[in-house]
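Have a look at the structure below, then the notes.
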Amino acid sequence: MIGFEVSVLTAMPNYPTGKTFPGYKGLFRKENLEGITVYRSYIYPTQSSGLFKRLLNYFSFVCSSFWVGILLSKPDFLITESPPLFLGISGYVLSRIKGAKWIFNVADLWPTSVVELGVIKKNGFLYQVSQKMESFFYHKAIIVTGQSKTILQSITDRYPDIPTYHFSNGVNPEKYTSQAKTKDGKIRVMYAGLHGLAQGLDQIVAAAEILKNHTNLEFVLIGDGPEKQNLIKQTKSAGISNITFLDPIPKSEIPEALASADILIVPLKLQLTGAVPSKLYEAMAASKPVVLIAESEAAEIVCNADCGVVVKPGDIEKLASEIQHFAAHPEERIRLGKNGRNAVIEKYDRIKITKEFSEFLQDLSL
């Protein structure tokens, strides 16, 4: 960020495979990535969606990040990313010990979103504990930032005294200038990202089954996650032959992969309060038409930018119909793709967003 020296304390890389990456064993590691000092501490890696292992995953990093954070120099600002909500424990305590201004950044609302996903029950013990933690962290932070307007509205409605800042997600459009490769004449429908519970990729599999007789269509799913093996089994058992599952690729290769697609799908299993998938900005920056399976604010972004179509989660027939329509109308795909990229340049350029946030922090430090 402009005017700031930034360092990051994060976990040993294990996403999305659920296994610690080669070369990152141990309790602590320091490295430099693109000029930013990155400190990594131990985390219990898992790909399981089971509650016990997920909690073990979260709290292992809560503990390790605290002990590593103790050893680091005093920052002026300490920003904690949520989810997981529990990371606020180490973030808050470290901010008090270091005497740093604490900012709590909400990328997804917890515990609201985990209730909506059916992971925990509303008004159950874990929900009640999480709700109290949420309130405590919001009130202890100097400001609460949120990646969507809906998230901030939810916070303001429940805690009107909490100061907030819209710190939108975005993307660097300069990294998404790759040109499409020459292909075999087929229309490639692609998803690249986590194969998890919240994404609902079984909707893509179901749409592919409906369109299996359209030999000009091919579906490509890139990535890994706890649901991938289930999706592969579902595809095989249904005899669907127009889907290819590919291994995860480095982040640096994502722009080129998206450039090789004709249609990009950005899915959610169901509409989570305030959720705006980060993949949406990548798809728009890649100048590709978007098929968004979501509602609310994400749908507003697509509609306002006129960069694709919106399908309600679970409406498989419409999903298949929209894919078929795009496949038959290349001129429309080009028009919508250009609209999406223009919207990213104007509103969702990460460089501009970060610059504005830097200026906000400088004012906050006065």
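The values are calculated or read from the model by the stated rules, or taken from the named source; none is laboratory data. This structure is a prediction, so every number in the text was calculated from the model and none was measured. Every residue, glycine as well, gets a Cβ built from its backbone with ideal geometry; the counts of neighbours run over all protein chains shown.
Restricted to segment 324-349, and to residues there that are among the basic types (Lys, Arg) and buried (at least 18 other Cβ atoms within 10 Å of the Cβ), the residue that is farthest from residue 308 (Cα to Cα) is 341.
In the set 50, 88, 69, only one residue is of a type outside the set (A, V, I, L, M), touching an Asp or Glu at 6+ places or on another chain (Cβ under 9 Å) and in the same structural domain as residue 16 (by TED's automatic domain parsing); that residue is 88. Taking the criterion of being acidic (Asp, Glu), under 30 Å from residue 351 (Cβ atoms) and buried (at least 17 other Cβ atoms within 10 Å of the Cβ), would at least one residue in segment 100-110 satisfy it? Scanning segment 100-110, I find at least one residue that is acidic (Asp, Glu), under 30 Å from residue 351 (Cβ atoms) and buried (at least 17 other Cβ atoms within 10 Å of the Cβ), so the answer is yes.
When 165, 138 are checked against the criterion of being more than 24 Å from residue 283 (Cα to Cα), of a type in the set (Phe, Trp, Tyr) and free of Cβ contacts under 8 Å to residues at least 60 places away in the same chain, 138 stands alone in meeting it. Does at least one position in segment 189-197 carry a residue that is within 25 Å of residue 255 (Cβ to Cβ) and outside the structural domain of residue 318 (by TED's automatic domain parsing)? No; the residues of segment 189-197 include none that is within 25 Å of residue 255 (Cβ to Cβ) and outside the structural domain of residue 318 (by TED's automatic domain parsing).
Among the residues making up segment 19-61, a single one is in contact with a Ser or Thr (Cβ under 9 Å, 6 or more places away or on another chain), of a type in the set (Val, Ile, Thr) and not in a strand (DSSP E or B): 43. With respect to the conditions (1) in the same structural domain as residue 276 (by TED's automatic domain parsing); (2) small (Gly, Ala, Ser); (3) in contact (Cβ under 8 Å) with a residue 40 or more places away in the chain, residue 185 falls short on a single one, namely (3).
Entry remark, segment 262-293: residues being crowded, with 24+ Cβ neighbours inside 10 Å, more than 14 Å from the chain's Cα centre (by Cα) and assigned to a loop (DSSP other than H, G, I, E, B) number 4 in total.
Quick check on segment 199-222: of everything there that is at pLDDT below 95 and under 16 Å from the mean Cα position of the chain (by Cα), which residue is nearest to residue 254 (Cα to Cα)? Applying the filter and picking the extreme gives 199.
The single residue among 118, 196, 200 that is at positive phi and either surrounded by 16 or more Cβ atoms within 10 Å (Cβ to Cβ) or touching a residue at least 12 places away in the same chain (Cβ under 8 Å) (or both) turns out to be 200.
When 101, 121 are screened for being of a type in the set (D, E, K, R) and at pLDDT 95 or above, only 101 passes.
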